[in-house]
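Here is the structure we will look at.
What follows draws every value from the coordinates through simple rules; no lab data is involved. None of the values given here were measured: they were computed from a predicted structure.
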2 protein chains.
Amino acid sequence: MNTKDRIMETADKLFYFQGYQTTGINQIIDEANVAKGSLYNHFPSKKDLGHAYVKQSSDQWFKGLEKELELWSDPAEKLLAIFSFLEKYAKINQFNGCRLINILTEVTDQDDQITEMVVAHKQRFRELLYQITTKIDIGVMQAREVSDTIYLLYEAATVDSKIFKDDWPIQLARKNAEQFLNQNKMPNNQ
Amino acid sequence: MNTKDRIMETADKLFYFQGYQTTGINQIIDEANVAKGSLYNHFPSKKDLGHAYVKQSSDQWFKGLEKELELWSDPAEKLLAIFSFLEKYAKINQFNGCRLINILTEVTDQDDQITEMVVAHKQRFRELLYQITTKIDIGVMQAREVSDTIYLLYEAATVDSKIFKDDWPIQLARKNAEQFLNQNKMPNNQ
DNA sequence: GTCTATATTGTGATAGAC
DNA sequence: GTCTATCACAATATAGAC
């Protein structure tokens, strides 16, 4: 693996599990077996490395989600699949919540670019859910409310499965999403 | 105002709006107009100040919530009042999400006491919601699921109104909580 | 491109006068 | 209890050899 990839891999692991602010450049170059000069050759500052981390985190997350969604054709099943995606992810990997939410909390308005990227990430997710929801035979006027409700349930599942180190929030969020979708289906669709 | 109070007030403001990790002792003593020796007289380390901040944050939050809940007698209305509480809080003050969740994200397993206090805070909130829910005439078996669903909606409302700097997540969460409660009421109660 | 060595600033924390 | 002065160390970042 080349130098830049080793840096990114190490930074990803440390920023996510240890935190962005508490991870220093020195620790990254130690664990990645890279010289300090090499890191600053690829990333002019820690801020730039942070931005690369945020972009990669968002890209990888959507990649993983869309792979999961491809397994289903029915739009309602696609919506519920986001919880299976989260459940699998939380089980396979050590889980520490959403990379994007975490770093947003860590920089709190000290880095406008990160704030922008995180909001854009969440907006893209909401839009993805909305597009799927419009394919379900529900009232058009309700589509946004339905998709945003699913979105909120997903967000809570992520945050609270991290807090409690348990998947009950994911299971309960999924169950509510399922009931909610069944209630909002048009009668003639059943 | 005495020295200790000035320290706590300044620390609270900075830890919440600027972040725990990025706020240094030097900035706190500057803005609180306190000497470094005085701070370390009251708090042996930054960690201790952090713990005091977490405890105060939790106490103040419950105090504010319970004051809001007292305005209502009907248990279902009490449950919905948590969203009014959040809405008011997000409007009056500059809002940066939940103090407890934020600092948990910032310390990620580097401070076991903070992790414990935050989990205990959330457990206490869940228990409060559960106790209110049992007073509603719903199936006993469902009480935990109902109260935890309300809990999840509240958590998402907090996190996402911070992300989007908008109260739509609060309004939508409240609307869903209301519909959800109506559906789970026993028919003979209506 | 990658390395070693160094510069500079800021951090949490302490000593000791008053 | 509060203050000033100072410590030891870690942070990000840079210079320059190879």
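Taking the longest Cα principal axis of chain A as reference, the axis of helix A:46-69 is set at about 30 degrees. Taken over the C-alpha atoms, chain A has Rg and Dmax values of 18.9, 66 angstrom. If one takes the longest principal axis of the Cα atoms in chain B, at what angle in degrees, from 0 to 90 and to the nearest 10, does the Cα axis of helix B:75-92 lie? Here the helix axis deviates by roughly 40 degrees.
Taking the helices alone, chain A has a mean residue ellipticity at 222 nm of -25500 deg cm²/dmol, built from -39,500 (n - 2.57) per DSSP H run of at least 4 residues and averaged over all its residues. Cut-off under 20 Å on the C-alpha distance; same-chain residues fewer than 8 positions from residue A:36 excluded. Which aspartates and glutamates are left, in chain and number order? Cross-link targets: A:5, A:9, A:12, A:48.
As a length-normalised measure over Cα pairs under 8 Å and 6 or more apart, the relative contact order of chain B settles at 20 percent.
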